[in-house]
1. So between ARG46 and ASN115, what do we pick up on full extension, going 0.36 nm a residue minus the alpha carbon distance?
2. Over what distance in Å are the Cα centres of the range 90-146 and the range 1-73 separated?
3. Return the sequence-ordered ³J(HN,Hα) values of the range 61-75 in whole Hz as given by the Karplus equation 6.51 cos²θ - 1.76 cosθ + 1.60 applied to θ = phi - 60°, using x for Gly and Pro.
4. So if I take the alpha carbon set of the range 1-99, get Rg, then get Rh from the Kirkwood formula, what is the Rg over Rh ratio?
5. Enumerate the calculated ³J(HN,Hα) couplings along the range 38-43 in order (Karplus 6.51 cos²θ - 1.76 cosθ + 1.60, θ = phi - 60°), each rounded to whole Hz, writing x wherever the residue is Gly or Pro.
6. Under a 5 Å amide H to amide H cut-off, with H placed in plane at 1.01 Å, what residues pair with LYS103 once short-range neighbours are removed?
7. Under a point spin-label approximation (7 Å from Cα along Cα-to-Cβ), what is the SER101-ASN129 distance to one decimal in nm?
8. More than 17 angstrom separation, counting every C-alpha pair in the range 26-67; what % is that?
Amino acid sequence: MKLVGREKEIKTLKEAMESQNSVFLAVYGRRRVGKTFLLRQTLSDRIVFSYSGKANVTRQSQLKSFRLSLIEQGMSDCPVLKDWFTAFSYLKQFVSKSSESKKVILLDDVAWMDNQKSDFIPALEGFWNELCSNRNDIFLIICASATSWIIDNVFHNRGGLHNRVTMYALRIYL
C-alpha cells in the first residue's frame, strides 16, 4: 500500500521529529481512516516502542500484552506487570537505553487501555511529566479512534496531562 494525500499530516510528523524538545502528539479520527498506517509509514524506522491496546479485555490482560510487547521489542528481563505505573516504569527503562536521537513511542488504541479503575491516565501523566518532558529526545504519540475519549481524557484533562499535548493534535479524516 502507498500513502496518498497526507502531506499536511506528514509535514506535522516531520516537524515533530525535528523539534529540539520532546513532543507529545495526540492523533485521533474515525476507525479505518489510516491513522496507524500513516504513523507507521512515516515513522517506521524511528519507532522505539509500539503498543496497540486490545479491545474488551481486562486490565490484567492488557498489561500482559504490554509486557509481551516490551519483551518482543527487546526488553528480555521484563517481569510480570501488576499495574500501569509499573508498566510505564519499565517503558522508561526501555526507552532510556535507546540510542535513537529522537525516540518515538507509539501507543495506539489508548482508549482500550484505560478501562475502569486501570489508573492508565495517571500512569501516562507520570510517564510524560517525569521522563519525557524533562528530556528533549522523546516523541510520544497516542492514537485513538474514540474522539470523545481523547477530548475528555487528554485535551480537557485537569490533572497531570493538562496542556501537555505539545503539538496540535492530528485529526485524520477519510
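1. Length gained between ARG46 and ASN115: 21.9 nm.
2. So the two Cα centres are separated by 11 Å.
3. Computed from phi, the couplings for the range 61-75 are 5, 4, 5, 4, 5, 4, 4, 4, 5, 4, 5, 4, 9, x, 9 Hz.
4. Result: Rg/Rh = 0.99.
5. Those phi angles translate into 4, 5, 5, 5, 7, 10 Hz.
6. ILE138, PHE139
7. 3.2 nm
8. Working: 401 of 861 pairs.
Taking all Cα-Cα pairs of the range 26-67, the fraction more than 17 Å apart is 47 percent.
Any read-out appearing in this document is the output of simple, stated calculations on the displayed coordinates, not a laboratory observation. Everything numeric here is computed off the predicted structure, so don't read it as measured data. Neighbour counts are summed over all protein chains in view; Cβ atoms, including those assigned to glycine, are modelled from backbone coordinates with ideal geometry.
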